[in-house]
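Take a look at the structure below.
The values are calculated or read from the model by the stated rules, or taken from the named source; none is laboratory data. Since we're looking at a predicted model, the values are computed, not measured. When we count neighbours, we look across all protein chains shown, and the Cβ atoms used for this are built from the backbone with ideal geometry, even at glycine. Protein only, heavy atoms only, side chains kept; ligands, DNA and RNA dropped before computing areas. Shrake-Rupley method; radii C 1.70, N 1.55, O 1.52, S 1.80 Å.
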Amino acid sequence: MEKKFGLAIHGGAGTIKKSTMTSFDETKYITELNHAIIKGYTILKGGGSALDAVEYAVRILEDCPLFNAGKGSVFTHEGTHEMDASIMCGDTLNAGAVAAVKGIRNPVQLARKVMEESGYVLLCGSGAERFGKSAALPFENEKYFFTDNRFNQWQALKNSEHAVLDHDGGKKFGTVGAVALDQNGNVAAATSTGGLTNKKFGRLGDSVVIGAGNYANNKTCAVSCTGYGEYFIRSVVAYDISCLMEYGGLSLKDACARVIDKLTDFGGEGGFIAIDKLGNIELLFNTEGMYRGYASSDKSSGIQVDIYRNKNQDSTPS
Ligand code: ASP
């Protein structure tokens, strides 16, 4: 008999308003989110692992120029693209991450290689790139990562001291992520980002910090975050949710509600997606919108995708 499984994804949170979004753009985002969910869900439905589901769902979003990860990554102060990604397996608590890597087509794929083949957890910069090349992963030239939108965002900032979150008529955090539960009861999480526009000095965000922007543990849940990384690191957001469940006995829903409130009080903006070992899913954010969606074997509702804040879709009905 088919067991419970499910997957949730995000493509960043922030000032995303229906009033400023064209229906053309809205359709493009919804199509890509659906594409990523279908990819991950098909893997899970076929009995594949949560790790494969999150990696492949994130790879779809990395290949799409709309999101601040992989191809659509923002520009650094120097006019380059430095990407961060991480992945974690809730069964083994193994994790892999790459920080400030250039040229790699799918940073999440490299993070998984780090987890499975390097003997380390976190590799950075040119060393991580050398490792990726030795594993024969696909690399692209700078042109591949050039998008007009990101270039214009950088042009507006490059002579200033500011490093800002991916924006589009306001603050928007375009990091991507996925969490999944497979039919064997294993959870996994993956997160990938280009970080902040105009960032410098090798700045890293929460996406690469296990426990901050990404975490998975079969005892509790899998979490992927998006938002102002400095706040997520200092609040250890993803692990905090897991801890509230493991040590405090809270449900996923209560743990997520507690942590989003804490983050808001702390001044952090953004959101996260989470799935627990029972297949419950939460998608919470304190911004105006978050690109998000999920599919679950539990629900007859099919794939759910949403962008804006509304009363009913911050979490799935339990
Ligand atoms: N959390 C990411 C960072 O701080 C940014 C984002 O979510 O868009 O690097």
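Is there a residue in region 56-78 that is over 24 Å from Asn149 (Cβ atoms), of a type outside the set (Lys, Arg) and either open to solvent by 10 Å² or more (accessible area, probe 1.4 Å) or in a loop (DSSP other than H, G, I, E, B) (or both)?
yes
For the list (1) crowded, with 24+ Cβ neighbours inside 10 Å; (2) under 22 Å from Ala274 (Cα atoms), I need the number of the one condition that Met83 fails.
Only one criterion is unmet by Met83, namely (2).
Here are Tyr215, Tyr239, Tyr228: which of them is within 16 Å of the ligand (Cβ to nearest atom), aromatic (Phe, Trp, Tyr), within 30 Å of Lys18 (Cβ to Cβ) and open to solvent by 10 Å² or more (accessible area, probe 1.4 Å)? Write out each step before concluding.
Numbers: Tyr215 fails: within 30 Å of Lys18 (Cβ to Cβ); Tyr239 fails: within 30 Å of Lys18 (Cβ to Cβ).
Answer to the selection: Tyr228.
Mind checking whether some residue in region 23-30 is in contact (Cβ under 8 Å) with a residue 24 or more places away in the chain and in contact with a helix residue (DSSP H, G or I) (Cβ under 7 Å, 6 or more places away or on another chain)? Before you say what the answer is, go through the steps one by one.
First pass over region 23-30, keeping only residues in contact (Cβ under 8 Å) with a residue 24 or more places away in the chain: 26, 28-30.
From what is left, the residues that are in contact with a helix residue (DSSP H, G or I) (Cβ under 7 Å, 6 or more places away or on another chain) are none.
No - not one qualifying residue is present in region 23-30.
Could we say that Val98 is closer than 23 Å to Phe5 by Cβ, touching a residue at least 40 places away in the same chain (Cβ under 8 Å) and crowded, with 20+ Cβ neighbours inside 10 Å here?
Answer is no for this residue.
Looking at region 266-285 only, could you name the residues that are touching a residue at least 40 places away in the same chain (Cβ under 8 Å) and assigned to a loop (DSSP other than H, G, I, E, B)?
Residues satisfying the conditions are Gly268, Glu269, Lys277, Leu278, Gly279.
Hey, among the residues in region 185-200 that are part of a loop (DSSP other than H, G, I, E, B) and either near the ligand (Cβ under 10 Å from one of its atoms) or modelled with pLDDT of 95 or more (or both), which one's surrounded by the fewest Cβ atoms within 10 Å (Cβ to Cβ)? First the steps, then the outcome.
Kept after step one, since they are part of a loop (DSSP other than H, G, I, E, B), are these residues of region 185-200: 185-186, 194-195, 198-200.
So of that shortlist, the ones also either near the ligand (Cβ under 10 Å from one of its atoms) or modelled with pLDDT of 95 or more (or both) come out as 185-186, 194-195, 199.
Numbers: Gly185: 16, Asn186: 20, Gly194: 30, Gly195: 28, Lys199: 23.
Per the criteria, the residue is Gly185.
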